[in-house]
Every structure is written in C-alpha cells, then in structure tokens.
Amino acid sequence: MSERTLYGITALFDAPGKILDASKAATSEGYKNFDSYTPYPIHGLDNVMKLKRSYIGIVTLILGMTGVISLVTFTWWANSVDFPMVTGGKPYFAWPSYVPLMFEMGVLFGAVSTVIALLAIWLGLPRNSHPLHDTEFMKKVSDDGFGICIEAKDPKFDQKQTESFLRSLGAVNVEPAYYEAQSFTLRQLVLDPKFIIAIIVVAVVSSATVYWGLNKMLLIRPWSSLNDQEKVLPETRSEFYPDGFAMRPPVEGTVARSQMPYEFTANDLASAGKYLANPLLPTPQVMRVGQREYNTYCSPCHGYFADGDSRLQGQFPSPPSLHTDSLRLAPDGLYYSVITNGFQGIMPSYARQIPRDERWAIIWYIRALQKSEHVEASVAK
Amino acid sequence: MSAGSIDEVIDYTEAPPLVEGNPTLSHLDDAIAKPMEHRPSAKYFIALAVTLAMLTFGIVAVGYTFYYGIGMWGNNIPVAWAFAITNFVFWIGIGHAGTLISAILFLFRQRWRTAIARTAEAMTIFAVMCAGLFPLLHLGRPWYFAFIFPIPNQHGIWINFNSPLVWDVFAVSTYFTVSLMFWYIGLIPDLATMRDRTTSKIKKTIYSILSVGWRFSNRHWQHYEKVYVILAGLATPLVFSVHSIVSFDFAVSILPGWHTTIFPPYFVAGAIFSGFGMVLTVLIIVRKVFNLEYIITKDHLDKMAKVTLLVSMMVAYAYLLEPFIAWYSGDPVDWYLVIQRMTGHYALGFWIMTTCNVFVPQLLWFRKIRRSVPILFVISLLINVGMWLERYIIIVTSLYRDFTPSAWHLYSPTWVDFGILIGSFGLFFTLVLLFSRTLPVISMSEIKGVTESAHPAEKLGAEHE
C-alpha cells in the first residue's frame, strides 16, 4: 500500500479529559495542522487549540440586511413604479405596512445564507471523499471515541516521531490514514457524460414544470358544477335547430324594450301633426338635454339659433330658417315626424341617432329658440 | 426513602441529572438508534394503522371538497371562515412550542431541553405542514394559490403588500424554511453517527448524502455551534412575528371580537400554550413506546408542566382582559358580542374552552400531578381540545353575529369539515410515527454533551465560550 498518499496520523482516546490534554500537548509541541474529533462539542477545546473566534455571524448580518433592503426596493418598485395602485387609501409607498415583510425577508435571507455559508464555505462540505471517512477512527469518533489527527502537511510532521508522540499521550489506538488510491480531477468529473445528461434532464424538467405551472396550470378551468352547466349561451352553435344557432330569432313584430315604433307612415305629416303631442314638460333638465342634442345633431345645418346658416354650406343644401311664421305655428308632431323620418330626401332620418324622448326634448329647445327671436315688446321691457 | 410523614425528601439545592442512571455514550447511541435499527413492535403498527385510517378519511373528505366544491363544508355567509381557518391557526400554534423549546430555551441555556428538542422541532415542521394545507383547501381551487406569490397577474397588477394575508404567506413560508434548516443543522451530526453505525448499503448512501460528510471535527464544531446560536436568535423573534401576523388576519379587520390590539400577544401566548400541550402529548407517547423514560425523564415533564402553567395564566389574563376592554370601551356592539360568547348559541364551547385552558391547568400547581404521567397526559389532551375550541370560538362567534342582523346565521360543520380535521391529525401523527422510525428522536450529539463528566474543562473552572 505504499503508493497511497499519507493523510495523517490518527489517535484515539477514551475520555474527554484526555483529548483536552492531548490537544494542549499537540499545540505546545508546535503542530498547526491538526484537529480534534469529538462526538459532541467539548467546551474548552477551542481555547486549548488556540482557534480564532468564528466570524460567521457577519454573513447573517450582511445577507439579512440585503434581504430587508431588497424587500423595500421591490415593494417600492412594484407598487410605486411598475403599477402604482392605491389600496386602503394609503400612499403608494406605504412602508409601515411592509415592516412585517421586511422582518420576514431579513430572517429568511439571514438564516438560509448562514446555513449555506457554514456548510459550503466555512466547512467545505459536502465532502464524502475525505480520507478519514469509513475508517475505524471515524466510526469510533461518531460514537463514543475522542480522537486527534495530525496531518502530514504539517511542517513538523514526521511519521515515526508523530506516532511516538501520540502514543506518549496515552492514546488507545494510533493509526495512519491514507488518501484514496484513485482520484478524479474536476475536469473529468464535469465532462462525465452521466453528469452532463443529468444536468440536461434537470434543466429540461424544471423549465418545463415552471412553464406549465405559470402558463397552463393557472388557467385550468375548474371542474365545478357552477362553471359547467347544461344550458346554451347566446351566440353559440347548436345542433338542435336547423339554422345551427343556439339563440332563436324574435317573433315577427317584436318590439325591443323602450323602442316604440313610429305610429304613422313616413309622408303622413298631417296626421302626425294632428295626433302627436309632446309627452315631456319643458323642465330645465329637458331643456338642457334638448340643447345638447340640438347642438350636436341639428346645429351643423340649422345653425345654433335655427337661422338656417349652415356651417356646411356648399357641401349640403342649406335648410330654411325655423323662424318663419308657418314653421313657428306648425304643430310639434310635424317636427317629430321630420326628425324621425327625414324630409323630402334632403334631411336624413335621425331615428337611429336620437332616442325618442330626446327628439321631443329637441322640439322643446326649438320652441325656445323660436320664442327668443319673437319676444313681444311688453315682455322685453 | 425514610419512613415518616414526608414520603420523599427532595434536595432543591442540586439540579437533578439530565440523563438518569449515568449511561455510557455508546449506550445512549444504542438506545436512541434502536427504533431505527430494529423492527418495531405490534404496538407501532397498530398506531400507524390508526393514523393512516384517519389520514385516508381526510383524503376522502378533501376529494369531496375538490370535486363538489366548498359547498360540502358548513361555511356560508356570514361565517365564511370556520373550520379551515380554525385548523390553520391551531396547527400553526402547535408548531410554535417546538421553536420555543429548541430556540428560546437554548438561548436561555436551559439544558434540559436537549432531550425533547428534536421531537419538538419535528413537531413544528409537521404542524406547519398541516397548517399550510388549510388555506389551500379553503381556496377550493388550490392551484390558484400561485396568485399569492409576488408575481404580476395577467393585467400586470402585483399582490397587495398591505394585506395581512400576504404577510401571512411570507411569515409562514419563512417560518417553515427556517425551522427546517434549524432541524436539519441539528440532525447533521446524528445522521453522520447513523452513517457510521449502519450496515445496510442503501441506508449508508442515504445517510452519507444527508450528513454531507460531517467529520465531528472540532474546527467544524466551533462554527457549527456559532451558527446554532445565530439560528436560535433568528428563530426566537420569528415565532413571535409569525403568530402576531396570524393574529393580524383578524385584528386588522373591523369585526367586533377581532378588532382588538390584544390579539398579537394573546395569540402568541395561546400558541405556546397549545404547543406545549401537544409536545406533552407526543413526548409521553414517544417515551412510553420506545422505552426512553430515563432520557426523557419525569423532571423534563415536570419542567414542561411548569411552563404550561405559566402560559395558561397568560392566556387566562387575555380571557379576562378581552371582556374588560369590551365593557370599558362602552361600545354596545363589542359588549353584545361578549354576552353572545358567554350565553349564546356557542356558549357550551366557550365554557369548555375556559375550563380546559384556565381551570384544568391550575392542577399543575401540585408537584404530584406534574410528575404523574397519566394525569399529565389527560391534562395535555384537554389543553389541545381547549385551544382548538378557542380558535373556533374566536372565529365563529365573531362572524355569526356581525353588524347586519339580517345576515345573522348559525354555523354547523358537516362531516366533510370533521373529515378534514381528523385527516390533519392523521397526517400529523403519521409523520411523527414515520419520523420516530427513520430519524433519531433525541439529539445524540447533544444528549452526550449533557451527560455527567461530559465537559472536563468546566470542572477545572476553565473558561468556555
């Protein structure tokens, strides 16, 4: 077995007191690369081995604060920059509400980073290939033995001398420990086809899972009876009716709600004038609606004051003034008929644009305009 | 002991040994590893069959819920939060005692915690797992849970960071992660011991991976112990924050009976109280089934009973203060609710709760009762019942008489509600039983450290730490 590289010399003791003495002796002898192995941490050993204080707490502090700061930055960005939204009347950046979250993220970052830093950086774990693994020494130490191992790389190390030194301390068992005969370089391990395949499988599976989760799973339709009901919806296809529509056409002559059809034929101005009366009262509200609608639909041709001074002169024929005596005396029904059906192919029908009641409101407004230019002298005073 | 009027003379000037009978270190290993290395007795399998049956019942009830919807439960407006949230708060509370024992007692250098810490921490993790199920089930469509994470939805809107329900998710998931790390860090040396003990190749591979190649090196122990203190220091305020945030779910609303500032401390005390009840229940079973009476001694149970008594009185104080503030505030709605709780439809539950949480624990003043395992077991079960009822009373009585009398509605649970509750107990105890067979229920490395003559330097008066 001479081709194996020596790791160090191990020695076992049977009581915690002896390991303290042995560690003290090894330190005073001048050994630096040695370590004590105990089934539980023995107080006082750190002093004897002259170990420096552990500063791992700095990781907790720095990464814990990083957690707090990232949370503050993130909530500020999400709620004030990316999608500013007011909830509960609070400002966009309602920091007192984020204090619980700051604390949680500080603890989370601090704890996780400390544990990872401890295992991976401070202790150099995971490492199952250490020369002391699977030795009788390790088996004893993990149970009830107290061991010490002086490593071969120590400048004072000399196999025979170190062995006799350890025996002189009263060790129960003194054994050399060797590195494993075969070892791999990092390059060999990384380029191993098995390793590469494993990495690819993990990458594909994890990204597929995330994609599926975010893009498909969240959009699954629930199979609840509320969602899937045995009924037909409007605008859907149906096999039941010959025309293939789920919805039925309305019965001939059906009138939509609040849409009364016009009572007379389009050219029967006389009947309209005789039988139709304005159903509205000239309240300020009605007048306002009438004004708005008149200015919107009528004023482009008739003018704001019904003078017939079209703003569209040259493009459309100009209508007559509504202030003529014959039109001032014409009944409301006549106006209604003209707005509804149009007039002699020159003025189009406004039935589609202006609902029924608003047409009547326009008529009240026209009456007001007409009165405004025919004020009797006694009233004007 | 000598005959006479005093049966037992106790020397209070000397602390009792933490491990009885001064066993050797390898004997401790053998005793703790025994449940993992030997085929368990018929008792174990009977217990497992019972818990699995409970779990199966729960799974059937959950299946009903998902297939037919939340309508299978008794919840309806105005009592929209009933069993699901009661169980959530109950299980989260159970978990807190585990962290209290493992972290807070560690910081206070209470070395008697060593024998019970591992089980208590495991309990924390299993209880938080049970608790986490209930908000998911309450959604009815559990995959919508993803929307609580800080991911913008299809309209680009973020979650509401002002909402206690969002804080809750952050708090509970942080709590679970940190508890798991704390537990795992504690397990590493024991897993290494098991790695070196086992003869099976498969087990050895598993233990080797899980113990990450731990070597018991003193240069490692030094940093390890430091990290353990840091984690304990982080976990301690975490316990308080988690249950405070759980109480914010209620206290931030404007409902009478919920909208009180006493809720955070009241909930934390209640959590620790119910958790100690559950730790007692579990430990009394574990020490009996696995014959660990000399490691988890009567002194341990005695000390836990004392803590339970203390926290019981904190809970009693909250019970007194709640009606006092309702009366003192002069708010007729608040006062009406207090009367409703005591005399209304759910009055029986209220009085059982008060009896179990305030009056029964007063028995723990007596040393004989604290050291009588059967009586302690019954008391611990009653505490569990009482604390479950406490959450039920808080939730249901506040909701069923809310501001609009036309909306008043009585709540009664259905068999599906009970099925899920029983199922969660089944899950919890199944996990406890599986844990006790697969991992060391007592920390081997820590218990070795509290045996007599474990630390020779202390006897020499040498400085440590």
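The values are calculated or read from the model by the stated rules, or taken from the named source; none is laboratory data. Since the model is a prediction, treat every value here as computed from it, not as a measurement. Virtual Cβ from ideal backbone geometry, glycine too; neighbours counted across all protein chains shown.
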Yes/no for B:Thr86 being of a type in the set (S, T, N, Q) and within 24 Å of B:Tyr294 (Cα to Cα): no
The range A:79-90 residues that are acidic (Asp, Glu), paired with ones that are part of a loop (DSSP other than H, G, I, E, B) (beta carbon under 8 Å, 6 or more apart): A:Asp82/B:Pro152; A:Asp82/B:Gly156; A:Asp82/B:Trp158
Pairs, first free of Cβ contacts under 8 Å to residues at least 60 places away in the same chain and surrounded by fewer than 21 Cβ atoms within 10 Å (Cβ to Cβ) in the range A:328-340, second among the polar types (S, T, N, Q) and part of a helix (DSSP H, G or I), C-beta under 8 Å, six or more apart: A:Arg328/A:Gln370
Any hit, the range B:114-135, residues being more than 14 Å from every other protein chain (Cβ to nearest Cβ), at pLDDT below 90 and loosely packed, with under 15 Cβ neighbours inside 10 Å: no
Failed criterion for B:Thr86 (all others in (1) among the β-branched types (Val, Ile, Thr); (2) closer than 16 Å to B:Leu283 by Cβ; (3) modelled with pLDDT of 85 or more hold): (2)
Subset of the range B:117-138 (residues that are in contact (Cβ under 8 Å) with a residue 24 or more places away in the chain and more than 13 Å from the chain's Cα centre (by Cα)): B:Gly132, B:Leu133, B:Phe134, B:Pro135, B:Leu137, B:His138
Members of the range A:58-68 found to be over 30 Å from the mean Cα position of the chain (by Cα) and free of Cβ contacts under 8 Å to residues at least 12 places away in the same chain, listed by number: A:Ile58
Qualifying residues in the range B:153-168 (those that are within 7 Å of chain A (Cβ to nearest Cβ) and over 14 Å from B:Ser253 (Cα atoms)) - the one farthest from the chain's Cα centre (by Cα): B:Gly156
Residue match in the range A:59-71 (condition: touching a Pro at 6+ places or on another chain (Cβ under 7 Å) and assigned to a helix (DSSP H, G or I)): no
Test: A:Thr38 is at the interface with chain B (Cβ under 10 Å from one of its Cβ atoms) and closer than 28 Å to B:Val229 by Cβ: yes
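What is the residue count in the range B:327-380 for residues that are of a type in the set (D, E, K, R), free of Cβ contacts under 8 Å to residues at least 60 places away in the same chain and under 25 Å from B:Tyr392 (Cβ atoms)?
The initial filter retains those residues of the range B:327-380 that are of a type in the set (D, E, K, R), namely B:331, B:334, B:341, B:367-368, B:370-371.
With free of Cβ contacts under 8 Å to residues at least 60 places away in the same chain added as a condition, the list becomes B:368.
From what is left, the residues that are under 25 Å from B:Tyr392 (Cβ atoms) are none.
So the count comes out to 0.
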Number of the exception - A:Ser129 against (1) out of contact with any Lys or Arg (no Cβ under 8 Å at 6 or more places or on another chain); (2) facing chain B (nearest Cβ under 7 Å): (2)
Test result for B:Tyr44, at pLDDT 80 or above and either over 16 Å from B:Ser453 (Cβ atoms) or not hydroxyl-bearing (Ser, Thr, Tyr) (or both): yes
Residue count, the range B:174-183 (criterion: facing another protein chain (nearest Cβ under 8 Å) and of a type outside the set (A, V, I, L, M, F, W, C)): 2
